[in-house]
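Chemist: Handing you this structure, nothing more for now.
The values are calculated or read from the model by the stated rules, or taken from the named source; none is laboratory data. All values derive from a computational prediction rather than experimental measurement. So basically every Cβ, Gly included, is an ideal-geometry build from the backbone, and we count neighbours across all protein chains shown. Protein only, heavy atoms only, side chains kept; ligands, DNA and RNA dropped before computing areas. Shrake-Rupley method; radii C 1.70, N 1.55, O 1.52, S 1.80 Å.
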Amino acid sequence: MKSKDRQTANTGNFGEVVVSCADLDATLNFFVDELGFRIEMITPADNPMKAVITGYGVRLCLQVGGSGEGTKLRLQIDDRPSEILTAPNGTVVEITNFGNEVILPELRESLVVTPLSSEASWSIGRAGMRYRDLIPGRLGGVFIASHIHIPMGGPVPDYVHYHRIKFQMIYCKSGWVRVVYEDQGESFVMNPGDCVLQPPEIRHRVLESSDNLEVIEIGAPAEHETFAEHEITLPTSQVKPDRDFSGQRFVRHVAEQTPWVSWKYSGFEARNTGIDAATSGYASAMTVRAKRSATLHEPGHENALLFAFVLSGSVNLTTNSTTESAHRLATGTSLTVPSRTKFGLEVLDDDFKMLVVQVGKID
Ligand SMILES: [Fe+2]
């Protein structure tokens, strides 16, 4: 190879972060020997004052003069445990290892009733989207449930992305939204009552919505990363509806194509979304309906999450975990009930409909 053709790490355009140090030798040894960085350049030869090193997609210029305190470097390293190190120059190096498994924090169960009360309960997210937090305490950081409203329809400023999650579903409450998912064919429209199960790390994108789109999104853990996908474009050329994503299949539930069947409580009917089969029983979601005066009594469930959202009509809730009189849950109210808690529901309207989601099992 002629020298003019040679490409090295020091040609072309690049950027580097300058990190100060007092003892270049000790700092360099730490980054090279301890962390596996590669030396790209060092100067001057007789008394090195500056060294350029690269690793993990980062380029650092270690420079004598001052301290590296206050600089924090976060490295994702697959074959090392997560730990926090301090380099000889004071730079903090946080090593993270996501591994393959998403670990959920410790569950803190509670009875949460979130009514659709006032404007104040909405916060404004990006691109004019309005968010209502349906489980403000997040049950110890395990679950998040959001009521999302897009007042103005049209193209949605989204990009292909994916999430590191254990569970995530979106239920269309009103309006419509066009979405596309990795290996699930062309984009499609979700209408009221439709829902999707987004298995872990499936690439997806929201394309456009109607005015006044409202969806309910439920996920675990409550805080999770969203990663931009730069390689895969959607739709993908192959269609693999049975593809396994960390033990889950993608689900597209179309309400209109799903019959109402008897639910486990008499007087109630349900449309099963198929999330139970797609997650091998880890989660389930269904739309249930009943006429006025229907009642149910639940002696106590065993799920990490039992979440309900009143889609239309209203219902009275009674539990043994509160001394209060019955809660009336009007349209738009959500509910989480802790495990092993006796509760009852009494339907107050003929058009009563509710989304019911169960996730995980308690120990
Ligand atoms: Fe997403």
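Chemist: Looking for something modelled with pLDDT of 95 or more, surrounded by 15 or more Cβ atoms within 10 Å (Cβ to Cβ) and of a type outside the set (A, V, I, L, M) - is there at least one such residue anywhere in the range 69-88?
Modeler: The answer is yes; a qualifying residue exists.
Chemist: So which of ALA283, ALA330, ALA308, ALA277 is in contact with a helix residue (DSSP H, G or I) (Cβ under 7 Å, 6 or more places away or on another chain) and either of a type outside the set (Ser, Thr, Tyr) or in contact (Cβ under 8 Å) with a residue 40 or more places away in the chain (or both)?
Modeler: ALA283
Chemist: A further question follows. Go through the range 157-185 and report how many residues are more than 11 Å from the ligand (Cβ to nearest atom), part of a strand (DSSP E or B) and surrounded by fewer than 18 Cβ atoms within 10 Å (Cβ to Cβ).
Modeler: Going through the range 157-185 one residue at a time, the tally reaches 2.
Chemist: Still on this model: Search the range 186-212 for residues being part of a loop (DSSP other than H, G, I, E, B) and within 14 Å of the ligand (Cβ to nearest atom), and hand back the single one that is most open to solvent (accessible area, probe 1.4 Å).
Modeler: For the range 186-212, the residue satisfying everything is GLU201.
Chemist: Okay, moving on. Examine the range 318-326 for a residue that is at pLDDT 95 or above, in a strand (DSSP E or B) and closer than 25 Å to ILE144 by Cα, and state whether such a residue exists.
Modeler: no
Chemist: Collect the residues in the range 213-233 that are in a loop (DSSP other than H, G, I, E, B), touching a Phe, Trp or Tyr at 6+ places or on another chain (Cβ under 7 Å) and either more than 12 Å from the ligand (Cβ to nearest atom) or open to solvent by 70 Å² or more (accessible area, probe 1.4 Å) (or both), keeping them in residue-number order.
Modeler: ALA222
Chemist: For the range 22-54, how many residues meet the condition of being surrounded by fewer than 17 Cβ atoms within 10 Å (Cβ to Cβ), under 29 Å from ASN97 (Cβ atoms) and of a type outside the set (D, E, K, R)?
Modeler: Within the range 22-54, residues that are surrounded by fewer than 17 Cβ atoms within 10 Å (Cβ to Cβ), under 29 Å from ASN97 (Cβ atoms) and of a type outside the set (D, E, K, R) number 5.
Chemist: Let me ask you something else. Taking the residues in the range 260-318 that are charged (D, E, K, R) and open to solvent by 60 Å² or more (accessible area, probe 1.4 Å) as candidates, determine which candidate is nearest to ASP363 (Cα to Cα). Steps first, answer last, please.
Modeler: Start the filter on the range 260-318 by keeping residues that are charged (D, E, K, R), which leaves 264, 269, 271, 276, 289, 291-292, 298, 302.
With open to solvent by 60 Å² or more (accessible area, probe 1.4 Å) added as a condition, the list becomes 264, 269, 289, 291-292, 302.
On the way: LYS264: 23, GLU269: 30, ARG289: 31, LYS291: 35, ARG292: 36, GLU302: 9 Å.
That would be GLU302.
Chemist: Is there any pair linking a residue in the range 94-113 that is more than 20 Å from GLU225 (Cβ to Cβ) to one that is surrounded by fewer than 13 Cβ atoms within 10 Å (Cβ to Cβ), with Cβ under 8 Å and at least six apart or on different chains, and which?
Modeler: Final answer for the pair search is VAL112/PRO136.
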